[in-house]
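Encoded as structure tokens, the structure appears first; notes follow it.
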Ligand code: MG
């Protein structure tokens, strides 16, 4: 059986504006509506930037928060990926929304030239963003705009800075970065399979080459990205009517290559993400861990007095429950009059 195809919809980006295509969603309400239609057309992963209402770029965590809330409500189970790209913020500001705990966030693992500027991703920023993602249980999508970025991602994952298995996106057709080259894609895919076994990948093409990369990715066993962020046109003469229309075109294309769009459950399994909803053990574990870290920070001086250094958690199953118990005992130790409840 062939691998189902995860269709990513990149709904807005940082560059296209209403003047380029009125269907580009700008406000959070428009973004949720556009993503819901794309979800119903077969997309299972939403790559998201946010904008100010005048269309200018921003990394405002409050907007990301409202978008996440809307997507969780209207696109149940869809994988939400926030952009940490450099057009909408500087330095640490680019990771300000990671604490909201989307399932994924983009992570470029090197610098390159863009059409009119340098896309700056210095080593310390890459590590800072990767550390934040690990801390908040957010899976990175490695954005590869140049070959060195692939090798850097593999080195970081071997070092444990980025978790395994890797998910990589190969981006072709950005002016001054990688040209659209089938040979290059095949080489990248070969290197990924050899050096990062178990990794998954998506091909992305910019502008008229969006569909080219969709076809090559389907043929070579990868996953597809489409959406108005990368391409506002349907063909040479007409604008794309919507994100949903672009997704439907890729969903249709899957059949030509003996593939089909992945379901939400399949997409999550392919990317080694937990199942949707509270049932995901990893998310339960992470939430409990964050709760205990907060309590420990808040009550550390009292903990010193009580002399209760945190023991190691049990290795796998039951870790979240163990942490809940630990949080309760911390609470009881530091607020004996309030018992061990969470209030
Ligand atoms: Mg982007």
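Every number in this text was worked out from the coordinates using simple rules, so none of it is lab data. Note that the coordinates shown come from a computational prediction; the quantities given were computed from them, not determined experimentally. Don't worry about glycine lacking a Cβ; one is built from the backbone with ideal geometry, like all the others, and counts go over all protein chains shown.
Data overview
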read-out: Rg/Rg_ref, the range 7-270, where Rg_ref = 2.2 N^0.38 Å and atoms are Cα; value: 0.91
read-out: Net lengthening on full extension, residue 175/residue 116 (0.36 nm per residue, minus Cα-Cα); value: 20.4 nm
read-out: Cα-derived Rg over Rh, computed across the range 24-176 with Rh taken as Kirkwood radius; value: 0.95
read-out: Inter-part distance where the range 155-229 and the range 43-95 are each reduced to a Cα centre, Å; value: 22 Å
read-out: Burial ordering of 151, 257, fewest other beta-carbon atoms within 10 Å first; value: 151, 257
